[in-house]
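Read through the structure below, which is laid out as structure tokens, and then see the notes.
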Amino acid sequence: MGNSGAKETTSGSSTPQYDVVIIGAGVVGNAIARELSRYALRIAVVEKELDVGMGTSARNSGVLHSGIHYKPGSLRAKLNVEGNSLMEGLCRELKVKIQYIGKLTVAAEDEEMPTLHALKEQGEANGVPGLEILDPEDMEKLQPGVRGLKALFSPTTGIICPYTFTIALAESALLNGVDYFLGEEVREVKRNGQKFTVRTRKGLGLVSKVLVNAAGVLSDKVCRMLGINDYTIYPCRGEYLVLDKRLGHHLSTLVYPAPHKGKAGLGIHLTKTVDGNILVGPSNEYVDGPEDWATTSYIMGKLREEGEKLLPSLTTSDIIRSFSGIRAKQAPPEEGGFRDFVIESRTDVPGFVNLVGIESPGLTSSPAIARMVRDMVSALVPLREKPEFKPELDRMTGYFHELSAEEQADLVAKDRDYGEIVCRCEQITRKEVLEAIENPLGVKSVTALKFRARVMMGRCQGGFCLPKIVRILQEDFGYRPEDFFLYREGSHLFTGRVRS
Amino acid sequence: MGPKELKKGVVVVGGGPAGLAAAVSAKASGCDDVVIIERGRMLGGILNQCIHDGFGLHRFKEALSGPEYAQRFIDQVQDLGIETLLNTMVLSINDSREILASSREGLFRIRAGAVVLAMGCRERTAGAIFLPGTRPAGVYTAGVAQNLINLQNIMVGEEAVIMGSGDIGLIMARRLALEGASVKGVYEILPYPSGLPRNIQQCLKDFGIPLHLSTTVVELHGRARLKGVTVARVDEARRVIQGTESFIPCDTLLLSVGLIPENELSREAGVAIEPLTGGALVDDTLMTSVEGVFSCGNVLHVHDLVDHVSEEADMAGHFAARFAVGEMKPRDSYIPIAPGRGVRYVLPQKISGEMDVVISLRVAEPMEQKAIVGRDQNGRGIFRKKQVKLHPAVMMRIKVKKEKLQGVSSMEVGVEG
């Protein structure tokens, strides 16, 4: 697909020189890019997918954790609590929806009570504000119908749309001068003299003083390109079911079971999304491939059973989709559980800022990780604040359908494209689709539109709007059938014209 | 500023076959201000992408294409001067028959004397049937493929497998074959096809496309574009029989695995939904549980033939007009009708007993040499209709005279030997 604000590969021209090159355009890479874009630096982000946030950053629960789960003194504890407190201001600047809806960690039986108390103490040691142990009566007030002995309530737990947030970070970085190279898979990284040379499969070459490894599930691969063999990522898949919005009102806060030792995740639970769906999941299976985003009938069946237990009014027709994401775990299957984040400025490879094993709570921690990386970068290249840095994105927070009828009428009067609904299920307007098509990073896939405009995300999964979007792209933007990708290169949606 | 306020007699939501017939009938039944709200840019709805023929055999005694069938009604809409709002989406309806709609001309709120719900249905998706595996490009519902191929001149693939034997899937199997694609086969999880017998003959047999019953797709393969599917046989309980899996290479999978009446607006308006049909619970005037709100066509229950949709919509439009002009007398009591043995659903679910009714129903499984029998609260026969062949794909419509309903306080409709 054509329209692209991101840089295209230019072969033959001289290799561009940067102060900082970031490998990986997930939430962490983009948070770093956006933080560094405050300073007078030449920055580039290199990403193998055709859009930002296509891996784990789009494939998770979208929960802002409070920070009760991590060992005091660990990076995860510190960065989670700090990241959580930075999120609200950041989302205000980036016009991203955020809801601090709180979380109940529920003890179902007596044996789980010590875990609850231990979590509270740990959370307090980590600086998590407002923690309380609640009786069933108070639990009921927060979440009608919740069952359990007692629960730990963490009011700073929140929800956010993880891909909307990632895209907003990237757009902000781009508008503040960061170059994006999308669809460029890094093949080789070399350090020669004081600089790094990054080469991609398509032949793009970038030279940089500082190299940041934010490659997520592939971060160990990037390490090995530089001769660092200290790390191995064990991909661990989590599958989810997405439930119809009509069940959304059942959840007013998040409810998790009390955690059990040695588990790789936090247990199957229901999570409300900022857009009103409910997610059931995630599961926990170590898999072979770092991008093995399949779902399995065995896990889907299990999630369905768990979902029915947690939400008795759930019927089969309420399940609209399944998806999976991969955790970048450092703990091998036989060890289980979690290891701490690795965030280091390597002394053996000067100029290499290395991030490995950023699994949960990576999303919540991302703004704090970005600051930590900024401090590491400041020791490598001088940072001078740019007066022209603009923290805000100019746009509306949320969607047309979330406005009152009066506000909607005003918008349509101002711009008729708001009056035309393209996606029926989510009531997304033509204006919102056009804005997504014309976004500063460019559009190279239909999924890029989905993650920006929320089209094709409703109960009919694009049955109504995909043909409409295809029509807009053909008629108004000159797309040919072969220009349409689902998400990555090779994912052609169509094979050509029926008749020429 | 706020939305523009309007007042109308009968508001028909949807300009497909049901909406068109309902609007024409409402106008003919004495309501002067009938308006059709259609979200697409032209009237006709899904008929516009149905370029094959076979429509209208009952109604017009002719085999018409979808657009030709629609045009017959569109001409009447125009002749009768019925107002149509195109490119207009209804955002919400409430239980006081207030409709909020949006178009490029602005937002408006209509107070309706009566509302006819005619929104049609949507296709069941890969997500809704828990299709496991990767998420490559090349997986479409049959109706989306039909839209892209017939209306936008876009070819979706070269080697196709069809999952499910619903009518649109059968039609699209033939359509793909006609355009030079290789259609590997149709895989149906049930022991019998879901589509009409005539489509099995004309779309599969006539084109040499194999139909595999009690077989289904159990996994998708391919990262970027679909590379193939695993199919397997299933037992009576639809469980996969281990060891029967085989890999079928293909770049396209079309899903024809069911249609879901599109009742999100209806639910919001407080309309009670009957789980057996997925549509509104209606009486013999096709009025829903919300006073003055009527329902017809595929939003009420999924039909087999558009001719039946039109017939049902005639009735909904007629009674909506009567209601809007204040000529419908309120009912004090109803006779409930329930499906009995061998019957999946009956519609309407309740009747007044004061007028002739048409009972629509589908049987639960294929049967031969049986009768559809309606019995009252005492087991007394109300009607009996003998059938040589009964098939769930075929919707039956049985007329019952009001004289037969005297003394009936409840009815059950079942299959008997």
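The values are calculated or read from the model by the stated rules, or taken from the named source; none is laboratory data. Since we're looking at a predicted model, the values are computed, not measured. We place every Cβ from the backbone using ideal geometry, glycine too, and count neighbours over all the protein chains shown.
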**OP:** For residues that are surrounded by 22 or more Cβ atoms within 10 Å (Cβ to Cβ) and modelled with pLDDT of 85 or more, scanning just the stretch A:255-268, find the one that is farthest from the other protein chains (Cβ to nearest Cβ).
**Re:** A:258
**OP:** Give just the number: which of (1) charged (D, E, K, R); (2) at pLDDT 95 or above; (3) farther than 29 Å from residue B:63 by Cα does residue B:311 not satisfy?
**Re:** (3)
Original post:
Here are some residues: B:131, B:151. Which one is in a loop (DSSP other than H, G, I, E, B), in contact (Cβ under 8 Å) with a residue 40 or more places away in the chain and within 14 Å of chain A (Cβ to nearest Cβ)?
Top reply: B:131
Original post:
Of all strands (runs of 3 or more DSSP E) completely enclosed by the stretch B:291-387, which ones contain at least 3 residues that are over 30 Å from residue B:53 (Cα atoms)?
Top reply: B:335-339, B:367-376
Original post:
Residue check: is residue B:119 in a loop (DSSP other than H, G, I, E, B), at pLDDT 95 or above, buried (at least 23 other Cβ atoms within 10 Å of the Cβ) and hydrophobic (A, V, I, L, M, F, W, C)?
Top reply: yes
Original post:
From the residues in the stretch B:133-190 that are touching a Cys at 6+ places or on another chain (Cβ under 7 Å) and over 20 Å from residue B:258 (Cα atoms), which one is surrounded by the fewest Cβ atoms within 10 Å (Cβ to Cβ)?
Top reply: B:159
Original post:
Which residue pairs have Cβ atoms closer than 9 Å, lie 6 or more positions apart in sequence or on different chains, and pair a first residue in the stretch A:365-378 that is closer than 13 Å to residue A:39 by Cβ and surrounded by fewer than 24 Cβ atoms within 10 Å (Cβ to Cβ) with a second residue that is at pLDDT below 95 and of a type outside the set (S, T, N, Q)?
Top reply: none
**OP:** Name, by its number, the condition in (1) modelled with pLDDT of 95 or more; (2) basic (Lys, Arg); (3) not in a strand (DSSP E or B) that does not hold for residue B:198.
**Re:** (1)
Original post:
Are any residues in the stretch A:475-500 closer than 28 Å to residue A:48 by Cβ, at the interface with chain B (Cβ under 7 Å from one of its Cβ atoms) and free of Cβ contacts under 8 Å to residues at least 60 places away in the same chain, and if so, which ones?
Top reply: A:481, A:486, A:490, A:491, A:492, A:493, A:494, A:495, A:496
Original post:
Do you know which residues across the stretch B:51-106 are outside any strand (DSSP E or B) and within 14 Å of another protein chain (Cβ to nearest Cβ)?
Top reply: B:51, B:86, B:87, B:88, B:94, B:104, B:105
Original post:
Is one or more of the residues making up the stretch B:236-253 under 15 Å from residue B:135 (Cβ atoms), in contact with a helix residue (DSSP H, G or I) (Cβ under 7 Å, 6 or more places away or on another chain) and assigned to a strand (DSSP E or B)?
Top reply: no
Original post:
Looking at (1) within 12 Å of another protein chain (Cβ to nearest Cβ); (2) surrounded by 19 or more Cβ atoms within 10 Å (Cβ to Cβ); (3) within 18 Å of the chain's Cα centre (by Cα), which is the one condition that is false for residue A:278?
Top reply: (1)
Subject >> Close pairs from the stretch B:388-412: first farther than 14 Å from residue B:363 by Cβ and at pLDDT 95 or above, partner aromatic (Phe, Trp, Tyr) and in a strand (DSSP E or B), Cβ under 7 Å, at least 6 apart >> reply: B:400/B:383; B:404/B:383
**OP:** All but one of (1) of a type in the set (Asp, Glu); (2) more than 28 Å from residue B:131 (Cβ to Cβ); (3) in contact (Cβ under 8 Å) with a residue 40 or more places away in the chain; (4) facing another protein chain (nearest Cβ under 10 Å) hold for residue A:438, so report the exception by its number.
**Re:** (4)
Original post:
In the stretch A:129-143, which residue that is part of a loop (DSSP other than H, G, I, E, B) and out of contact with any helix residue (DSSP H, G or I) (no Cβ under 6 Å at 6 or more places or on another chain) is modelled with the lowest pLDDT?
Top reply: A:143
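Quick check on this structure: which one of B:216, B:230 is within 14 Å of another protein chain (Cβ to nearest Cβ), over 29 Å from residue B:362 (Cβ atoms), in a strand (DSSP E or B) and hydroxyl-bearing (Ser, Thr, Tyr)?
B:230
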Subject >> Pick from the stretch A:306-320, criterion of a type in the set (A, V, I, L, M, F, W, C) and within 14 Å of another protein chain (Cβ to nearest Cβ), ranking: farthest from residue A:105 (Cα to Cα) >> reply: A:320
**OP:** Under 7 Å between Cβ atoms, at least 6 apart or on separate chains: pull out the pairs that start in the stretch A:412-424 with a residue that is aromatic (Phe, Trp, Tyr) and end on any residue that is assigned to a helix (DSSP H, G or I).
**Re:** A:418/A:400; A:418/A:411; A:418/A:412; A:418/A:431
Original post:
Quick check: is even one residue across the stretch A:348-360 polar (S, T, N, Q), in the same structural domain as residue A:90 (by TED's automatic domain parsing), surrounded by 21 or more Cβ atoms within 10 Å (Cβ to Cβ) and under 26 Å from residue A:157 (Cβ atoms)?
Top reply: yes
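Given the residues A:483, A:476, which is the only one that is modelled with pLDDT of 95 or more and charged (D, E, K, R)? I'd like the intermediate steps shown before the answer.
Numbers: A:483 fails: modelled with pLDDT of 95 or more.
Answer to the selection: A:476.
For residue A:405, state whether it is surrounded by fewer than 20 Cβ atoms within 10 Å (Cβ to Cβ) and either at the interface with chain B (Cβ under 8 Å from one of its Cβ atoms) or of a type in the set (Ser, Thr, Tyr) (or both).
Yes: the conditions hold for residue A:405.
Hey, any hits in the stretch B:400-416 for a residue that's among the basic types (Lys, Arg), part of a strand (DSSP E or B) and out of contact with any helix residue (DSSP H, G or I) (no Cβ under 9 Å at 6 or more places or on another chain)?
Scanning the stretch B:400-416 turns up no residue that is among the basic types (Lys, Arg), part of a strand (DSSP E or B) and out of contact with any helix residue (DSSP H, G or I) (no Cβ under 9 Å at 6 or more places or on another chain).
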Subject >> Filter result for the condition that a residue is aliphatic (A, V, I, L, M), surrounded by fewer than 23 Cβ atoms within 10 Å (Cβ to Cβ) and outside the structural domain of residue B:187 (by TED's automatic domain parsing), over B:129, B:110 >> reply: B:110
Original post:
Restricting attention to the stretch A:321-340, which residues are away from chain B (no Cβ under 14 Å) and either part of a strand (DSSP E or B) or touching a Lys or Arg at 6+ places or on another chain (Cβ under 6 Å) (or both)?
Top reply: A:327, A:328, A:329, A:330, A:331, A:340
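What's the total number of residues in the stretch B:274-289 that are farther than 18 Å from residue B:335 by Cα, out of contact with any Phe, Trp or Tyr (no Cβ under 6 Å at 6 or more places or on another chain) and either more than 14 Å from chain A (Cβ to nearest Cβ) or surrounded by fewer than 19 Cβ atoms within 10 Å (Cβ to Cβ) (or both)? Write out each step before concluding.
Step one: of the stretch B:274-289, the residues farther than 18 Å from residue B:335 by Cα are B:275-279.
Filter again for out of contact with any Phe, Trp or Tyr (no Cβ under 6 Å at 6 or more places or on another chain), leaving B:275, B:278-279.
From the residues that got through so far, the ones that are either more than 14 Å from chain A (Cβ to nearest Cβ) or surrounded by fewer than 19 Cβ atoms within 10 Å (Cβ to Cβ) (or both) too are B:275.
Final tally of qualifying residues: 1.
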Original post:
How many of the residues in the stretch B:141-180 are under 16 Å from residue A:474 (Cβ atoms) and among the β-branched types (Val, Ile, Thr)?
Top reply: 4
**OP:** Mind listing just one residue for me: the one in the stretch A:281-305 that is in contact with a Cys (Cβ under 8 Å, 6 or more places away or on another chain) and outside any loop (DSSP other than H, G, I, E, B) and, of those, farthest from the other protein chains (Cβ to nearest Cβ)?
**Re:** A:286
